[in-house]
Structures are given as C-alpha cells and as structure tokens.
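The values are calculated or read from the model by the stated rules, or taken from the named source; none is laboratory data. Predicted, not measured: the structure shown is a model, and the values here were computed from it. Neighbour counts run over all protein chains shown; Cβ positions are idealised from the backbone, glycine included. Just the protein is used for accessible areas: all its heavy atoms, side chains included, with ligands, DNA and RNA removed. Shrake-Rupley method; radii C 1.70, N 1.55, O 1.52, S 1.80 Å.
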Amino acid sequence: MATREEKFWQRYKEEKAAQQMRKQAPKPPKTGRVRRKDWLLADVADLDLYDELDLPERERVMPRGEQERRRANLATTAVQPAPADHRAATPGAAAESSIESENSVGKRQRGIVVEVSAGLCRVNLGERMALCTVRSTLKAADTGYTNVVAVGDEVMVSVNGAKQGIVEKVLPRRSALARPDVFYGHLQQVIAANVDQLLIVASWREPAIWPELIDRYLIGAERNRLTPIICINKIDLADDPRAPEKKLTPYTTLGVRVLFTSAQTRVGLDALREVLHGKTSALAGLSGVGKSSLLSAVEPGLNLRTADVSDRRHEGRHTTAQVTLHPLSTGGFVVDTPGIREFGLSGLRQSELVRFYAEIAAQATRCRFADCSHTREPGCAVKLAVRQGRISEMRYQSYRKIYRDLEA
Ligand code: GDP
Ligand code: ZN
C-alpha cells in the first residue's frame, strides 16, 4: 500500500515523464487537438498525445472542502526532500511512460465509461467497446468520492485484448452528478461524471406538474454545475393550448430554457433533439411523465425502459450498477439514472436556500429583518411582492416547502 508521500512522488514522476514526452513529441496541428466532443472521431494515434496537463485550465471537480484539504496535504508533502533515487523507488512510472511513447500493443487509449457494474466497466474507445477492470492502485480516496470510476468518466485504458483492458487513469471530471454515499453519508458517490445538462422532465397532466420537484432539480443542477432545461411533456393533454406556457413563465423569466413537447403528437421534438445534440444530458423526472417515450421518439431504438426493468431487479442494493450512458446518433449522450431522486439538497442549509431563488433574493434586501426567512416574519418584502404578483405564488410556495425540509 503506497503512502501518501509515495503517491505524491509517483504522480510527480509521471507528470515529469509526460512533460518530457510532450517536449519530444511532434506538436500536433492546432486543428487536430482532441476536443472533448469529437474524440470519438479522432484518430487514435492523436489520442496518445493527449494528457490532462495539456488541457486548458480544467478544474478537477471534487466534493465540497476536498480541494482545500488536498491543497493543504500537497503543501505539506511538497516540502519533503526527494528520495535519493526516486527512479528506483517507482520503476513502474518510467516503464509506463515508455509504453506510451512506443507504439506497442500495450499502449494506452482514451475512452469514455458507458457502464459500470461490480468492479467492471464498459469503455467506449471510439472504434470499439472494451470491458475493463480498474487498476487496483487507483483509489477512490484520491478523488474525494467513494467510487473510482463512474459512467461518463474519461479514462486512459491499456488495452490487453481486442475487447478487454485496464483502466489506468481517470481524467479530471468537469462535473459530477453526485449523491451522499449510502454507507458513508459524509462522502459523495458519483452517479455520473462529466454531465453537461440536466433535462428536467415533467408532464402537463398525468401526473400533473409538481413545481417543488422542478425547483429541487434546479437547485441540484446549480449545485452540480449542470445547465438545467425544463421539458413539459404531454402538452396534448392541455385544454387551453396557451396554459402550459403561461404556467411556466416564472421559469422562462429566470432565464431557464423551457421546452413544450408531446411524445404522442410529436410536438416540440426538433427542439428537444437540438437541446440534446452534442451534449451529455441526464434525465430527471417522475416516472410516468414520458421520459422513455420522448427519448425513443427523438432517437428510435433507444429504449430506457430496459434499464427501468433492471433497476427494479437491483432495488434495495443501492448501487449505481445500472446507470447507463446512451449514445445519440446525432452526437451526445443521455444518462439514464435511477439515483437522480436523491440528488440535490443534501447538506443545504435553510439560510442558503434563498440563493437559489433569484427573484426572492432580489426582494430580500428590503425585508425588515436582515435574517428574514420570508416565511412568517412581519415586514417581509418577499411576502409583499408575492401578494402584489411580482413573485410567483407557485415559486414562493415551493420555497416554503423546501425551506421546511432543510436543516437550520
Ligand atoms: P417515463 O416513466 O417517464 O419513462 O414515462 P413513459 O415514457 O413510460 O410514459 C408514461 C405514459 O405516458 C405512457 O403510457 C405513455 O404512453 C404516456 N405518454 C408519454 N408521452 C406522452 C405524451 O406526450 N402525451 C400523452 N398523452 N401521453 C404520453
Ligand atoms: Zn422576508
């Protein structure tokens, strides 16, 4: 078991070796740079030049406080003197970099994890899929999360067969859809990594729109750095065709993109397709709102329902086993995750809630009390604004309900 210090030097050496390699390697042409979205099409040889250090400032996403903790650790570790011969101390690192530089069979390839199950994961390598184990030296603790790899992770794989490999490295995550770990409540478990946006699906009727749930997802999206998009489905069930748009005005006013669709009459599907294009989207919403119907309408052949069935099989096991990344033919992925319900509000305090209600926060400065909760105090400018119709009643009521559920 490597100590923290050994790990630090191992990492240091790897970075140095990689830097050296980059100096020696011919610079890839500017246009040939592997951008995230087109890596599937990129030449695999190009991918070998890829290194996370080359990326423009990309912040590694970690749970709250983890960044600070590691910075402190690194600072204390960095002042330690170097071992006299650190080359001998970690022969693996040198060997690994030579594997990467030689164009040998064991070379590393970049891929994206599309499924994780019981210590194995399926990695999309662009031209094929590989079933991979995870290098045992990769520790979840290094990421601050309880799981090492998650669906959506970009990884470096050493391929040891046409369809098999080992995940050697997980590249820094741009975002992470996380929830508190079931067994270690103070730690986060990544449900899916590198998700760009959250598609919040609700239906006009059957079941009716539930604003509080929409708001919970909006808060979750913001806290997880995902762009929220609201999709109101089953608009064919609206007696007044203008009613859905009217009801969603508080959200459009806030600048949230809202789509109105019907999987049945195929209204709004082009807009939905456009929104999903080239992005990794996670779907959220009550069951029965039409998520599967919508997805199979925009992407024939894509069937979320199969995943639903296996969710049930795993019920109570609290695993992320059945989270799957579905590729879209137009580019992009859809993450279908059973764990989405729990994501959102964990650790949020009552006093922080108003931050996620921009229209309420805008009025709050005029309340009589500086620490007004806008629920029961006299002289509350928010309540006045609600009465005067400047803040939507629907949003205010959901604020109150969520406020009640949070810890003081
Ligand atoms: P999911 O649980 O969110 O995946 O929802 P489903 O796609 O399974 O849909 C639930 C039910 O709603 C099914 O009976 C669908 O046929 C129906 N449904 C889905 N989309 C629409 C729609 O746009 N209009 C109407 N009227 N029914 C729909
Ligand atoms: Zn107030």
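Screening residue 320 against (1) under 26 Å from residue 397 (Cα atoms); (2) away from ligand 1 (no atom under 16 Å from the Cβ); (3) open to solvent by less than 30 Å² (accessible area, probe 1.4 Å); (4) modelled with pLDDT under 90 leaves a single unmet condition, (1).
To keep it simple, each residue is scored yes or no on (1) more than 16 Å from ligand 1 (Cβ to nearest atom); (2) on the phi > 0 side of the Ramachandran plot; (3) touching a residue at least 60 places away in the same chain (Cβ under 8 Å).
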residue: 133; (1), (2), (3): yes, no, no
residue: 136; (1), (2), (3): yes, no, no
residue: 158; (1), (2), (3): yes, no, no
residue: 168; (1), (2), (3): yes, no, yes
residue: 171; (1), (2), (3): yes, no, yes
residue: 180; (1), (2), (3): yes, no, yes
residue: 197; (1), (2), (3): yes, no, yes
residue: 207; (1), (2), (3): no, no, yes
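Considering each residue of the range 238-260 in turn, none proves to be within 8 Å of ligand 1 (Cβ to nearest atom), at pLDDT 95 or above and more than 17 Å from residue 196 (Cβ to Cβ). The residues of the range 259-270 that are part of a helix (DSSP H, G or I) and open to solvent by 10 Å² or more (accessible area, probe 1.4 Å) amount to a single one, 270.
Looking at residue 243, is it under 22 Å from the mean Cα position of the chain (by Cα), more than 16 Å from ligand 2 (Cβ to nearest atom) and of a type in the set (A, V, I, L, M, F, W, C)? Spelling it out, it is not the case that residue 243 is under 22 Å from the mean Cα position of the chain (by Cα), more than 16 Å from ligand 2 (Cβ to nearest atom) and of a type in the set (A, V, I, L, M, F, W, C). Does the range 175-192 include one or more residues that are open to solvent by less than 10 Å² (accessible area, probe 1.4 Å) and charged (D, E, K, R)? Within the range 175-192, none of the residues are open to solvent by less than 10 Å² (accessible area, probe 1.4 Å) and charged (D, E, K, R).
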